[in-house]
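The values are calculated or read from the model by the stated rules, or taken from the named source; none is laboratory data. Everything numeric in this text was worked out from a predicted model, so none of it was measured. Glycine also receives a Cβ, built like all others from the backbone with ideal geometry; neighbour counts cover every protein chain displayed.
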């Protein structure tokens, strides 16, 4: 009687376990592609956080910074050129603002030393009020009048007309500050 009991118990366990084993242990005769396709649609979530609980660190740290220009502490809007010189200027002011003491020159511009030579690609240019250029690779010039010379264009002040630029720059030396802000 004991033998029959144990035999039934063993057969029952074998039947229960036999159904489980065939789904998780593929036979050696099955092609690898078949075995891989059975698990390809199941994402590996072990040890990972749920999607909606994750904080995207790049959103918090990648605040877009823009280069700003202040003339005697007044911010002006600038449409910066997309060139190597502006890229180098952005790099120069990326860690701390740069203040340049400007001097009036010729009755149409303010000029000042950057303290570092930037890459330049001078071309003969006729400037207008509001133009910002690089002169001689290491001087920044902001115009309140017009001139014709070989410069590298850096940008143009967009929120002042010629009269506004003359009022801002035409009454004595100024200081400009260029910074990266986010």
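So here's what we get for this one:
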read-out	value
Output for region 106-127, where each listed residue is over 31 Å from the mean Cα position of the chain (by Cα) and loosely packed, with under 14 Cβ neighbours inside 10 Å	106, 107, 124, 126
Criterion: at pLDDT 95 or above, touching a helix residue (DSSP H, G or I) at 6+ places or on another chain (Cβ under 6 Å) and not in a strand (DSSP E or B) - qualifying residue of 129, 163	129
Some residue of region 57-72 being modelled with pLDDT under 95, touching a strand residue (DSSP E or B) at 6+ places or on another chain (Cβ under 7 Å), surrounded by 10 or more Cβ atoms within 10 Å (Cβ to Cβ) and in a loop (DSSP other than H, G, I, E, B)	yes
First in region 145-162 and at positive phi and without any contact (Cβ under 8 Å) to a residue 12 or more places away in the chain, second anywhere and surrounded by fewer than 21 Cβ atoms within 10 Å (Cβ to Cβ) and not in a strand (DSSP E or B), Cβ under 7 Å, 6 or more apart	none
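Conditions (1) touching a helix residue (DSSP H, G or I) at 6+ places or on another chain (Cβ under 8 Å); (2) surrounded by 13 or more Cβ atoms within 10 Å (Cβ to Cβ); (3) in a strand (DSSP E or B), marked per residue:
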position	(1), (2), (3)
82	no, no, no
100	no, yes, yes
137	no, yes, no
146	no, yes, no
159	no, no, no
